[in-house]
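See structure below.
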Amino acid sequence: VQGVCVYVLSDNWMPKTTIKQLPTLVAGPILRHVSSTQLTFWLVTSTECELSLSVFQHQDVIFSQTLKSEQHQIVEIGEHAYIHLVNIDSEVTFATEQVYQYEFTFSHQGRSEKLSEIAPTLLYDAQQYCSFTVPDKIERLLHGSCRKPHFDGGDGLTQVDTVIEQTLDVPTERPSLLMMSGDQVYADDVAGPMLLAIHQVIDLLGLYGESWQG
């Protein structure tokens, strides 16, 4: 499944970026679930957008639609941060063990931007669009646990990217899913540089405060 990647901003991006320079896409899209009749995506944008989704196979359009409110839920979590949950119940049946490509179009403030244009780093060599497959059964499962950014070692999750790239054109070999267990956020053990970056992102996106009880 291609969609586990997150659009990563460069180390120099946060201190120098102004609100007018914020990219439309902040995180995602993450492909959360696929089946023969359903697609579920999660993504974050810096502005409220209307989304359109197109799905291709061998350059043929098999699904293309501006998303309706029942397909597209938006949650505003900051002045410049909108979570999008896209859930498509398609009348088209996606065959198993086949490769499908998809393209999002973001429409806002009288202009439109395509995912492949604003986030080309999500694409592998020779790819025109992001892609996915619908597994017939779960045979290859990727498992990750306990992501500690300041651990004294390399990031093991980069291997997921390598596996996906190596199996792009072999649907039966592509991972069926990625399961993340363990502690994904070490709230009681955050490195200083990470904490600084977190607060810079909070300020830059204008994330709203939260009140906790109990």
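The values are calculated or read from the model by the stated rules, or taken from the named source; none is laboratory data. Owing to the predicted nature of the structure, the values given are computational and were not obtained by experimental measurement. Ideal geometry is used to build each Cβ from the backbone, glycine not excepted, and the neighbour counts take in all protein chains shown. Please note that ligands, DNA and RNA were not included when accessible areas were found on the heavy atoms of the full protein model with its side chains. Shrake-Rupley method; radii C 1.70, N 1.55, O 1.52, S 1.80 Å.
Per-residue Karplus couplings for the range 117-126, computed as 6.51 cos²θ - 1.76 cosθ + 1.60 with θ equal to phi - 60°, are listed in order as 8, 8, 9, x, 5, 6, 8, 7, 3, 6 Hz, Gly and Pro entered as x. Efficiency by 1/(1 + (r/R0)^6): what FRET value for Y124 and S145, r their Cβ-Cβ distance, R0 = 22 Å, to the nearest 0.05? Efficiency computed from Cβ-Cβ geometry: 0.30. All other residues whose Cβ lies under 12 angstrom from that of F104 are scored, Lys and Arg at +1 and Asp and Glu at -1, for a net of -3.
Local charge for H150 was computed over the other residues whose Cβ lies under 14 Å away, with Lys and Arg +1 and Asp and Glu -1, and equals -3.
Say a paramagnetic label sat at a point 7 Å from the Cα of S181, along Cα to Cβ; which residues of the range 142-172 have their backbone N under 20 Å from it? From the range 142-172, the list is 142-148, 156-160.
Using the per-residue mean of other Cβ atoms lying within 10 Å as a proxy for protection, in what order, highest first, do the peptides 137-143, 204-210 fall? Please report the intermediate quantities before stating the final value.
Numbers: 137-143: 11.0, 204-210: 13.1.
Result, highest mean Cβ count within 10 Å first: 204-210, 137-143.
Give the accessible surface of the chain per residue, rounded to a whole number of Å², with probe radius 1.4 Å and ligands, DNA and RNA excluded. Mind dumping the intermediate values first?
Details: 12740 Å² over 214 residues.
Per-residue value: 60 Å².
Among I74, G110, I88, whose Cα projects farthest towards the positive end of the dipole of the chain, with charges put on the beta-carbon of Lys, Arg (+1) and Asp, Glu (-1)? The residue sitting most towards the positive pole is G110.
By accessible area, using a 1.4 Å probe on protein heavy atoms only, the chain has 50% of its surface on carbon and sulfur. Here the range 98-214 carries DSSP beta bridges of which approximately 60% are antiparallel, counting only pairs with both residues inside. Beta bridges per DSSP, both residues in the chain: antiparallel share near 90 percent. Taken over the chain, lysine pairs spaced eight or more positions apart, or on distinct chains, with alpha carbons under 30 Å apart number 5. Dividing the mean sequence gap of close Cα pairs (under 8 Å, 6+ apart) by how many residues the range 63-214 holds gives a relative contact order of 25 percent. In a shell of Cβ-Cβ distance under 14 Å around K68, excluding K68 itself, what net charge do Lys and Arg (+1) and Asp and Glu (-1) give? That sum, taken over residues with Cβ under 14 Å, equals -4.
State the label only: which of [x] 17.1; [y] 18.8; [z] 18.3 corresponds to Kirkwood radius over Cα pairs in Å computed from the shown model? Of the listed options [x] 17.1; [y] 18.8; [z] 18.3, [y] comes from this structure.
Report, in debye and to the nearest 20, how large the dipole of the range 65-137 comes out about its Cα centre when Lys and Arg carry +1 and Asp and Glu carry -1 on their Cβ.
Values: 4 positive and 11 negative charges, 18 e Å.
About 80 debye.
Order these peptides, 107-114, 29-36, by their mean beta-carbon neighbour count within 10 angstrom, highest first. Before the final figure, lay out the partial values.
Working: 107-114: 11.8, 29-36: 17.8.
Sorting 107-114, 29-36 by mean packing, highest first, produces 29-36, 107-114.
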